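Single-structure report; data block below.
The values are calculated or read from the model by the stated rules, or taken from the named source; none is laboratory data. None of the values given here were measured: they were computed from a predicted structure. Glycine gets a Cβ as well: all are built from the backbone with ideal geometry, and neighbour counts include every protein chain shown. These accessible areas exclude ligands, DNA and RNA; they are computed on the full protein's heavy atoms, side chains included. Shrake-Rupley method; radii C 1.70, N 1.55, O 1.52, S 1.80 Å.
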Amino acid sequence: MIKIVYAGDRDIPLIHLLMQRAFAEYDMTDAPSSAMDETMDSIQAAREDGEQGLIAYMDNEPVDMVRFQVHEDAIYFYRLAVIPEQRGCGVATSILKELENIARIDHKMSITCRVRALVTRNVHLYQSLGYKIIGECRVHKASGQEVPVAIMRKHI
């Protein structure tokens, strides 16, 4: 059973831990994820700037989290992080469905995210949930690498 709760300030260490575990796979690539550079202080600063978060639990163990911003007519999410051993169990789908419920309750028109275009499993996941690619961009990493990014949106 998957339980999803809003993250509070006391959950910052947990958010950080889940992010580090989920994004570690990119650490050994030519273009590591900037998630690995985040600290508890940077997460706290983002929360003070209006960021919110959700944490998913399976059997009372934290396995996933997502951070998001609520804007005037949309929700923008980022850092969706499922720990590797729980991938493929429906946790990401569940947390995204909860984000859609939040959008509906708040009368938002859409949900938007950016995803590494070359991580096709993530692009396919979002597409299977009704997200469409609405644009592309490139993120320039400190290593000099450029990472192609798909901008995806789902209308609510």
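Based on DSSP H segments of at least four residues, each scored -39500 (n - 2.57), the chain has a per-residue ellipticity at 222 nm of -9000 deg cm²/dmol.
Tell me, rounded to the nearest percent, the portion of alpha carbon pairs in the range 1-93 spaced more than 17 Å apart.
On the way: 2076 of 4278 pairs.
Percent of Cα pairs beyond 17 Å in the range 1-93: 49.
Spin-label model, E85 to L129: label points 7 Å out along the Cα-to-beta-carbon direction sit 2.3 nm apart. Normalising the average separation of contacting C-alpha pairs (under 8 angstrom, six or more residues apart) by the number of residues puts the relative contact order of the range 51-121 at 28 percent. Cross-link partners of K3 among lysines, defined as those whose alpha carbon lies under 26 angstrom from its own and excluding same-chain residues fewer than eight positions apart: K97, K108, K154.
Once the convex hull of all Cα atoms in the range 53-142 is built, its volume per residue stands at 124 Å³. Calculate log10 I(q)/I(0) of the chain for q = 0.09, 0.11, 0.13, 0.15 Å⁻¹, where I(q) comes from the Debye formula with a single equal point scatterer on each Cα and nothing for solvent. Debye output, listed in q order: -0.27, -0.41, -0.59, -0.81. About its Cα centre, the dipole of the range 27-156 is roughly 620 debye, where the only charges are +1 on Lys and Arg Cβ and -1 on Asp and Glu Cβ.
Note on I105/R138: beta-carbon distance plugged into 1/(1 + (r/R0)^6) with R0 of 35 Å gives a FRET efficiency of 0.50.
Listed by number, the DSSP H helices of the chain that run 18 Å or longer by alpha-carbon position along their axis and have mean Kyte hydropathy of at least 0.0 are 91-105. Ligands, DNA and RNA are left out, and with a 1.4 angstrom probe the accessible area of the chain is 54 Å² per residue.
In the range 30-136, what percent of the accessible surface is made up of carbon and sulfur (1.4 Å probe, ligands and nucleic acids excluded)? Each step should come with its number before you reach the end.
Numbers: 2610 of 5450 Å².
Exposed carbon and sulfur together represent 48 percent of the surface.
Among the GluC sites (Glu not before Pro) in the range 1-79, those placed in a DSSP loop whose Cβ has at most 10 other Cβ atoms within 10 Å are E72.
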